[in-house]
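These notes are about the structure you will find just below.
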Amino acid sequence: MKALVWHGKEDIRCEEVPDPRIEEPRDAIIKVTSCAICGSDLHLYNGFVPFMKSGDIMGHECMGEVVEVGPEAKGKLKVGERVVIPFTIICGECEQCRRGNFSVCETTNRNKDLAAKAFGRTTAGLFGYTHLTGGYPGGQAEYLRVPYADRTHIKVPDGLSDEQVLFLSDILPTGWQAAVQCDIQPTDTVAIWGCGPVGQMAIRSAVLLGARQVIAIDRIPERLDMAKAGGAVTINFEEESVVERIEELTKGKGPEKCIDAVGLEAHATATLDSMYDRVKQAMMLESDRAHVLREMMYLCRPAGTLSIPGVYGGLIDKIPFGAVMNKGLTIRTGQTHVNRWTDDLLRRIEQGQIDPTFVITHRVRLEDGPAMYETFRDKKDACVKVVMTP
Ligand SMILES: NC(=O)c1ccc[n+]([C@@H]2O[C@H](COP(=O)([O-])OP(=O)(O)OC[C@H]3O[C@@H](n4cnc5c(N)ncnc54)[C@H](O)[C@@H]3O)[C@@H](O)[C@H]2O)c1
Ligand SMILES: [Zn+2]
Ligand SMILES: [Zn+2]
């Protein structure tokens with residue numbers, strides 16, 4: 001089959017690889033009908049996350065049709081059914097899964113020891129996302145092997161198109177969880193850093209959950225326009241001071257809730273802290289650039305919440321923890337517990353409350369994937385979200 005294969009920094013190729021097959025009784029194989037590129041894939045493309053190996057198949061946002069089912073998944077899945085595959089592989093049975101903490105499933109990571117070495121404890125297996133999370137082949141391919149398939153799926157009701165439901169795999173529940181974790185009150189201002197696909201979903205979720213004011217920050221004009229269309233007041237951080245504008249918009253008190261939808265590759269306009277981060281990250285003395293985190297920690301209103309869906313990999317420097325502690329801020333973060341939210345979100349899609357297709361700017365064939373990584377990374381051609389069909 002064809003798949004997008006990682007060979008190193010900025011080197012992703014569309015290649016022939018062996019078809020996946022059933023390896024465990026709970027597996028299923030799906031024929032991928034749609035898949036997408038995520039901002040998290042860019043961290044791998046840009047070589048910022050270690051534990052990738054040449055030959056790894058990329059992708060953790062995909063959906064398709066079930067073509068083969070292992071004996072122990074048969075009660076739950078049938079050949080021919082349409083499913084969206086969550087990026088988190090879940091067993092559904094461990095203590096964390098039973099609490100709905102799916103992204104920290106205790107069972108599904110086949111490299112638990114590696115994860116425990118990096119993080120103290122294991123986290124869930126993820127598709128196409130480094131050997132730290134199990135080294136599972138991803139879904140930017142014609143076929144995908146789904147481990148623990150009896151639990152690791154979301155069934156698609158008749159009548160919904162691929163594009164309407166594809167983002168249940170990741171960015172829609174990710175933006176939603178980021179907003180839900182803010183416990184939004186009707187009096188709240190929610191400030192969201194980053195207007196990529198995740199930021200866009202967080203903006204619409206925060207509006208839907210009844211925030212009084214949503215502020216969106218980025219520097220890419222078309223992404224800011226999309227944020228405005230979703231109901232946000234926007235700040236272009238290259239043209240205006242984030243600090244001054246936020247002071248104005250919150251009458252000098254700061255937003256009650258702050259969301260970091262940027263992650264470890266934050267850009268900043270020549271501030272001292274960002275130059276320091278770039279140098280340290282380049283010298284491998286620091287794995288992540290923390291400019292957005294610091295800005296949120298300073299600007300957030302006392303007793304407020306920082307919700308962090310943006311991905312961080314390792315160590316960061318110069319975190320103003322004194323501000324977090326003395327202002328009594330709450331930090332909520334994590335890879336998304338996808339299946340915790342998808343029943344509710346699917347219902348909202350069916351009822352027309354949410355239509356996640358608005359982020360799609362590029363529809364291409366899988367073969368065009370390697371070029372689209374660059375287009376998406378560099379925000380060329382007004383690219384916000386790429387959907388590929390194998
Ligand atoms: N927690 C999860 O489960 C989960 C799931 C999906 C994605 N993610 C992460 O969410 C983040 C965003 O993903 P995406 O797909 O939207 O990626 P993206 O790269 O398209 O979007 C990031 C956006 O942040 C903007 N940005 C950069 N520096 C900024 C700054 N200083 N202030 C404001 N905006 C700034 C960029 O211009 C860009 O538009 C990534 O870190 C990704 O890994 C996490
Ligand atoms: Zn993702
Ligand atoms: Zn589990």
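The values are calculated or read from the model by the stated rules, or taken from the named source; none is laboratory data. Just so we're clear, the structure is a prediction, and the values are computed from it rather than from any experiment. Cβ: placed from backbone, ideal geometry, glycine included. Neighbour counts: every protein chain shown. The accessibility values were calculated without ligands, DNA or RNA, using every heavy atom of the protein model including side chains. Shrake-Rupley method; radii C 1.70, N 1.55, O 1.52, S 1.80 Å.
Okay, residues lined up against (1) touching a residue at least 40 places away in the same chain (Cβ under 8 Å); (2) on the phi > 0 side of the Ramachandran plot; (3) part of a loop (DSSP other than H, G, I, E, B):
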site	(1), (2), (3)
K78	no, no, yes
C97	yes, no, no
N109	no, no, yes
D113	no, no, no
A116	no, no, no
T123	yes, no, yes
D150	yes, no, yes
P157	yes, no, yes
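Comparison of K112, K78, K117 shows that the only residue that is more than 22 Å from the chain's Cα centre (by Cα), open to solvent by 40 Å² or more (accessible area, probe 1.4 Å), under 20 Å from D27 (Cβ atoms) and not hydrophobic (A, V, I, L, M, F, W, C) is K78.
Cβ separations smaller than 9 Å between residues 6+ apart or across chains give the following pairs from segment 264-283 residues that are assigned to a helix (DSSP H, G or I) to residues that are open to solvent by 80 Å² or more (accessible area, probe 1.4 Å): D273/K318; Y276/K318; D277/K318; V279/L285.
Selection of first residues in segment 346-371 that are in a helix (DSSP H, G or I) and of second residues that are open to solvent by less than 60 Å² (accessible area, probe 1.4 Å) and charged (D, E, K, R), restricted to Cβ pairs under 7 Å at least 6 apart or on distinct chains, gives the following pairs, ordered by first then second residue: T357/E163; V359/K385.
The residues in segment 195-252 that are assigned to a helix (DSSP H, G or I) and surrounded by fewer than 21 Cβ atoms within 10 Å (Cβ to Cβ) can be counted, and the count is 15. Remark: pairs (first residue in segment 326-344, farther than 19 Å from I184 by Cα and in contact (Cβ under 8 Å) with a residue 40 or more places away in the chain; second residue among the acidic types (D, E) and open to solvent by less than 70 Å² (accessible area, probe 1.4 Å); Cβ separation under 8 Å; 6+ apart in sequence or on different chains) = V338/D170. Over 21 Å from the mean Cα position of the chain (by Cα), open to solvent by 10 Å² or more (accessible area, probe 1.4 Å), away from ligand 1 (no atom under 16 Å from the Cβ) and touching a residue at least 40 places away in the same chain (Cβ under 8 Å): is that true of D19 in this structure? Here the answer is yes, as D19 does meet what is asked. Only one entry of D355, D378 meets the criterion of being charged (D, E, K, R), open to solvent by 20 Å² or more (accessible area, probe 1.4 Å), within 24 Å of T152 (Cα to Cα) and within 22 Å of the chain's Cα centre (by Cα), and that entry is D355. Listed conditions (1) buried (at least 24 other Cβ atoms within 10 Å of the Cβ); (2) out of contact with any strand residue (DSSP E or B) (no Cβ under 7 Å at 6 or more places or on another chain) are all met by V190, apart from (2).
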